Amino acid sequence: MLKKIYIPLFIILIGLNACTQGNPDVPTPTSSSGIEVFVTQGPMCPGPVQLGDTSCPDQPYQANITILDADNTQITQFQSDTNGYYKLPLAPGTYILHPTSGKPLPQATDQTVVVIEGQFTQVSIVYDTGIR
């Protein structure tokens, strides 16, 4: 008789305990080094553009970027915001930024970036729109 009472009660207690378990705390990076990325796409206007002409500037671009280490092992991925900006804390070292290209455009090439302790390295990624 007691088993009939304790077993369901035990199962309920285990279930309640599981519900109160929060997600494990993921430490927020407090690194003082990393990269600050600004992504643009251009050209935005067709035809030849004269040097110094600022009437048709490149535009911010929301892009997916993969970060690889020097051995081409994926470290992380991120997406720039609608203003083309993203700031990512990274340990000092050499990284490869691999922008995901469109099909077929816009496209951007990989960049090697060196992160120095105590600094955020400024990175500019320009996607080619193919407009000529």
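Numbers for the structure displayed
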{"read-out": "In sequence order, calculated HN-Hα J values of the stretch 70-82 (Karplus, 6.51, -1.76, 1.60; Hz; x Gly/Pro)", "value": "5, 8, 6, 8, 5, 9, 6, 10, 8, 10, 5, 6, 5"}
{"read-out": "Extension gain, Glu117 back to Gln74 (0.36 nm per residue minus Cα-Cα distance, nm)", "value": "13.4 nm"}
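None of the figures in this text is laboratory data; all of them are computed from the coordinates on show. Bear in mind the structure is a predicted one, so any value in this text is a computation, not a measurement.
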